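Values quoted throughout were computed directly from the atomic coordinates according to the rules given, and no laboratory measurement underlies them. Model, not experiment: these values are computed from the prediction. Backbone-built Cβ (ideal geometry, glycine too); neighbour counts: all protein chains shown.
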Amino acid sequence: MANTEPRVLSIILGGGKGTRLYPLTKERSKPAVSFGGKYRIVDIPISNCINSGYKKIYLLTQFNSASLHLHISNSYNFDRFSGGFVEILAAEQTLEHSGWYEGTADAVRKNFIHFKTQKPTHYIILSGDQLYKMDLRAFMDAHIKSGAEITIATTAVNRHDASGFGIMQIDDQNHVKAFMEKPKPDLNIDDWKIPAEARGNLPPEKEYLASMGIYIFNADTMEEMLGGENEKYTDFGKEILPLAIGKKKISSYVFDGYWEDIGTIRSFYDANIALCEPNPTFDFFGQTQPIYTHMRNLPPSKINKADINASLISEGCIITDAKFNKSVVGVRSIINEGTEFNGVIMMGADYYDTEEEKAENEKAGKPSTGIGKNCKIANAIIDKNARIGDNCKIGVSGKKYEDGDHGSFYSADGIIVIRKGAVISSGTEI
């Protein structure tokens with residue numbers, strides 16, 4: 001009997017320079033940014049693939065990819081009998097292609113030589129900076145059942161939010177009739193409302209369908225849409241999909257679960273802090289759909305007296321008489337007595353200082369890795385390996401900073417970001 005199971009390749013788009021997440025992306029690519037204390041953003045789409053049984057995964061990237069390479073190699077090693085892999089394909093110069101990736105579609109096009117060796121029947125295209133849990137097998141089943149050549153994962157949004165997305169116009173059979181990129185707020189788009197027959201149990205205020213940037217392509221359709229005369233087109237959302245409408249059968253797959261783009265400092269901060277809620281909309285806890293990451297073999301956190309409310313404390317931390325409210329504390333974080341966190345994301349550290357290093361730091365008047373004594377920190381992101389001295393106040397003065405670079409820290413939408421490896425002297429107020 002012939003095997004009718006689809007041969008699926010998952011392709012995760014690593015994104016561009018990550019300017020909206022700067023300075024977190026100064027030394028790492030967007031998918032490699034820490035999230036939730038112990039994870040990386042890229043763990044989300046990879047885990048969705050693995051949990052759905054799709055274990056042939058390519059990750060396309062070109063900016064600051066060293067940290068990402070290290071994380072993937074340390075985290076995702078399938079046994080030789082499973083046939084699975086997670087492989088990074090960085091932009092490279094070849095005889096056919098001499099430049100960088102020029103867009104999402106161009107990145108896929110330039111790697112066909114690698115993809116074709118797997119002889120896929122279908123491609124799933126995923127974004128590397130989104131927060132969601134999706135059963136991709138159900139997505140694939142809907143695609144095959146509909147007879148579509150392309151299926152776009154969509155989420156329902158209200159009129160205000162519709163201006164930030166590419167939106168779909170569909171018929172009562174979920175067939176996509178038209179696509180509009182980020183309609184202006186004053187534009188009348190009543191004709192683009194979701195048909196009553198296709199609404200299901202969607203909230204009544206969410207009347208439009210926005211593209212999630214997640215697609216399924218039949219393999220032959222992908223090659224056709226990216227080849228020949230279409231080689232000048234570089235982006236899926238802005239060019240390839242609008243071009244395909246009217247030429248190819250395109251369906252919408254309405255995803256009614258939690259989904260969030262975490263590509264900005266504000267959305268990244270809010271998504272992390274939301275993890276501290278009693279029943280968060282995105283949850284790392286639970287038996288089903290686990291999120292995988294690097295197993296670090298760290299000891300349990302050592303807490304020598306603390307007042308902790310609605311916070312996440314990762315492994316390997318040493319905390320002494322500190323207070324935490326709605327905060328996320330990353331691996332290997334050292335936090336000393338009298339320090340208070342309120343709405344803080346601390347990404348932790350890649351190492352522990354040795355006793356000799358601590359002695360040298362003290363002699364030189366330099367803080368050791370972690371947070372010193374009697375610090376008050378609020379509404380802040382502290383990137384990895386930061387050194388903050390005693391009696392520092394960060395984000396608690398009420399002072400407003402313009403968005404941008406302020407030397408030892410960065411301000412974005414009211415959030416203070418302490419840079420990776422930053423040294424903040426004792427007594428500093430920000």
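Here are some notes:
- Environment charge of residue 383, counting only residues whose C-beta is closer than 10 Å and scoring Lys/Arg +1, Asp/Glu -1: +4
- With both labels modelled 7 Å from their Cα along Cα-to-Cβ, the residue 350 to residue 279 distance reads 4.1 nm.
- Cα-based shape type of region 302-424, given that a ≥ b ≥ c are square roots of the gyration tensor eigenvalues and the cut on a/c is 1.5: oblate
- The residue among 107, 262, 31 whose Cα reaches farthest toward the positive pole of the charge dipole of the chain, with charges on the beta-carbon of Lys, Arg, Asp and Glu, is 31.
- Working note: 222 nm ellipticity from helices only, DSSP H runs with n ≥ 4, each -39,500 (n - 2.57), summed and divided by the residues of the chain, gives -5000 deg cm²/dmol to the nearest 500.
- Counting charges near residue 424 (Lys, Arg +1; Asp, Glu -1) among other residues having Cβ under 11 Å from its Cβ returns a value of +2.
- Count Lys and Arg as plus one, Asp and Glu as minus one, and take only other residues whose Cβ is under 11 Å from that of residue 221; the net charge is then -1.
- Once the Cα-Cα distance is subtracted from the 0.36 nm per residue extended length, the residue 337 to residue 87 segment shows a gain of 85.7 nm.
- Reachable lysines, given that their alpha-carbon falls under 19 Å from the alpha-carbon of residue 184 and they are not under 8 places away in the same chain: 193, 206, 238
- Amide proton proximity set for residue 40, modelled H, under 5 Å, gap of 5+: 35
- Full-extension gain in nm, residue 182 to residue 160, via 0.36 nm per residue minus C-alpha separation: 6.8 nm
- Under 20 Å from residue 55, Cα to Cα: lysines that are on another chain or at least 8 residues apart: 116, 119, 133
- Under the Karplus curve 6.51 cos²θ - 1.76 cosθ + 1.60, θ = phi - 60°, whole-Hz ³J(HN,Hα) for region 171-187, x wherever Gly or Pro sits: 9, 6, 9, 6, 7, 7, 9, 7, 9, 10, 8, 6, x, 5, x, 8, 7
- Shape category assigned to region 290-336 from the gyration tensor of Cα positions, a/c cut at 1.5: oblate
- Cross-link partners of residue 399 among lysines (Cα-Cα below 28 Å; sequence separation of 8 or more within a chain): 26, 323, 326, 366, 373, 376, 384, 420
- Residues with amide H under 5 Å from that of residue 163, placed H, sequence gap 5 or more: none
- FRET E, pair residue 305, residue 362, Förster distance 22 Å, beta-carbon r, rounded to 0.05: 0.45
- 26 Å Cα-Cα threshold exceeded, pairs from 30/302; 30/110; 17/38; 182/247: 30/302
- The chain - charge dipole about Cα centre, Lys and Arg +1 at Cβ, Asp and Glu -1, debye rounded to 20: 560
- For the peptides 36-43, 330-337, 253-260, the ranking by packing is 36-43, 330-337, 253-260, with the highest mean count of neighbouring Cβ atoms within 10 Å listed first.
- Largest mean-square fluctuation among 283, 161, 129, in a Gaussian network model of the chain whose springs join Cα atoms under 10 Å apart, belongs to 161.
- Highest GNM mean-square fluctuation among 327, 65, 267, for the chain modelled with Cα contacts below 10 Å: 267.
- Between residue 205 and residue 413, the FRET efficiency from the beta-carbon distance, with R0 = 25 Å, is close to 0.50.
- Taking 20 Å as the cut-off, the amide N atoms of region 381-405 that come nearer than this to a point 7 Å along the Cα-to-beta-carbon line of residue 325 belong to 381-382, 391-400.
- With a Förster radius of 35 Å applied to the beta-carbon distance between residue 289 and residue 19, the computed FRET efficiency rounds to 0.65.
- Most fluctuating residue given options 299, 195, 120, as computed from a GNM of the chain linking Cα atoms under 10 Å: 299
- The chain, relative contact order [Cα under 8 Å, separation at least 6], %: 14
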